[in-house]
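Structure first, then comments.
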Amino acid sequence: MRFIVLLFTLLCFSAIDASAKTPDWVKSKPSKPMYYTGVGMAPISGNDYIQKSKELALNDLISEIQIDIESNSLFQRQEINREYFEEFKNQIKTSASASLEGYELVETWNDGSYYWTYYQLDKQEYADIIANRIADATQHAYDFWSKGNSLKRQGNVIGASQFYLKALKQIEQYTNRYLPYTEPSGQTINLAVEIFNSLENVFKDITISTNPKVISFTPLSLNAYQVNILVTSNDMSLKDVPLSAKFAKGKGDVTGSVKTNENGMAAIIISNISSKLAYQELAISLDVEKLGYDNNNAIIKKLISDIPSVSIPLIIEESSLSAVIYSYDDNCSSLANNISNYFAQNYFDIVDEEDSADVSIVIEPLIRPGGIVKGELYDMLETYASCTITLTELNSGKIITSVSINDIRSLAPVNSSRSKILSTTQRDLFKKLKPQLEAKLKEARFSKRVKMVPEEVEEEEPEEISSTPEL
């Protein structure tokens with residue numbers, strides 16, 4: 001018993017002694033006017049707790065480094081939004097963490113459960129390191145910018161833009177700072193602002209022109225439309241310019257990104273215009289992604305907001321495709337109406353007579369009763385619906401596409417009226433039918449029906465009668 005009491009007393013004194021030896025920097029993070037300080041703590045488990053403790057201490061140290069927007073910096077001059085500045089600060093600190101130097105280990109400590117690390121970094125030494133990095137970055141940026149200027153004078157605006165982008169990349173993490181640079185001539189320039197202005201203006205003289213300027217089209221027709229594109233700058237044709245072409249309004253297929261040839265020319269093909277919108281629009285612009293512009297960067301976004309582009313209106317022809325619709329089940333009028341409205345809104349002009357139509361649409365629905373499904377509250381009546389829709393080109397009599405869907409199950413309370421059951425069934429059927437119909441119509445193409453126009457018979461002019469009676 002006396003031994004147990006002695007052991008307990010020794011343990012108490014050890015605990016008191018350990019507590020007494022806990023460093024002050026563990027109890028409270030130190031603050032030093034001449035140093036950035038960082039303290040990290042990690043549980044003692046596994047093999048990497050020392051490394052984790054170190055990383056946390058360095059992150060803590062970096063968090064003390066202030067990142068502000070200096071006067072005359074690119075951020076201030078161009079009014080880059082504040083939201084991006086917060087993101088920018090995080091990027092800078094992440095970069096600083098990866099390339100931090102000059103810090104020193106002050107002390108480590110562990111209490112058996114946690115491992116503690118304490119680092120510090122001399123503020124003046126860090127300022128000198130950053131100053132050297134900025135000097136190196138601005139020199140490289142100036143060299144790239146100068147090469148860009150030289151290429152632009154030669155008329156190579158695409159090459160110039162590439163060097164301007166490289167220049168911006170060199171100083172990107174310092175664009176919140178004022179970056180003066182003294183040129184060999186002795187003139188001091190604001191380098192970040194000059195690079196930004198060069199990038200902003202490099203494409204300003206570019207003109208994109210097209211032939212034709214307007215396209216008249218028929219939805220779902222077999223026609224394909226070629227658009228010839230010419231890219232110039234100050235009347236000089238530009239080669240190797242990457243272009244992007246896409247529908248800004250409407251829907252259709254267009255060849256992907258293209259480049260101009262030696263004569264500044266490129267061509268795209270528009271086809272499969274499936275939208276029935278009366279006015280559609282194709283947008284053609286420089287392909288900034290191919291040029292290396294990062295759309296996620298706020299500075300780049302500001303630069304490309306006025307990138308050269310041209311729009312080609314696509315106007316639906318008055319003589320668009322027309323269709324006549326046949327349905328052979330009077331009990332499925334709701335389904336027929338939904339299908340008719342769908343085609344009318346998206347593809348065809350719906351007419352009443354086959355003689356006026358280019359396409360016939362035949363709807364063949366079938367609804368059959370199922371069984372009774374027992375429920376906790378009330379029983380449900382099953383119905384099964386099937387439907388086939390066939391589209392035929394009246395010009396040739398050829399079946400262009402056919403869609404079938406079978407045994408779509410619907411449920412309605414057994415006490416529902418017949419009209420309610422039919423309505424529910426047709427609604428469920430159309431929901432399942434529509435996506436399959438859309439998929440098939442993406443590949444379907446029609447030609448207009450050749451209509452016979454009767455020859456006009458020239459009327460004989462009546463014999464001229466003299467107004468003076470014969471004597």
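The values are calculated or read from the model by the stated rules, or taken from the named source; none is laboratory data. Predicted model, so just to flag it, every value in this text is computed and none were measured. Backbone-built Cβ (ideal geometry, glycine too); neighbour counts: all protein chains shown. In case anyone asks, the SASA skips ligands and DNA or RNA and just uses the protein heavy atoms, side chains included. Shrake-Rupley method; radii C 1.70, N 1.55, O 1.52, S 1.80 Å.
Things worth noting here:
- Once the chain from Lys259 to Glu104 is taken as fully extended at 0.36 nm per residue, the excess over their C-alpha distance is 50.4 nm.
- Kirkwood Rh, Cα atoms: Rg over Rh of the chain: 1.24
- Potential extension, Lys93-Thr182 segment - 0.36 nm per residue separation minus Cα distance: 29.2 nm
- Summing charges over all other residues whose Cβ lies under 11 Å from the Cβ of Val310, with Lys and Arg as +1 and Asp and Glu as -1, gives 0.
- Percent carbon-and-sulfur accessible area, the chain, ignoring ligands, DNA and RNA, probe 1.4 Å: 49 percent
- Nearby aspartates and glutamates by direct alpha-carbon distance to Lys251 (threshold 17 angstrom, same-chain neighbours under 8 apart not counted): Glu281, Glu317, Glu438, Glu443
- Using the Cβ-Cβ distance between Ser113 and Ile69 with R0 set to 51 Å, the FRET efficiency works out to roughly 0.75.
- Average accessible area per residue (Å²) across segment 143-223 - probe 1.4 Å, nucleic acids and ligands excluded: 45 Å²
- Gln436-Val373 FRET efficiency (beta carbon distance; Förster radius 35 Å; 0.05 resolution): 0.85
- The residues of segment 291-446 have, on average, 52 Å² of accessible surface per residue, using a 1.4 Å probe with all protein chains present.
- FRET efficiency, Val362 to Glu125 (Cβ-Cβ, R0 51 Å, nearest 0.05): 0.05
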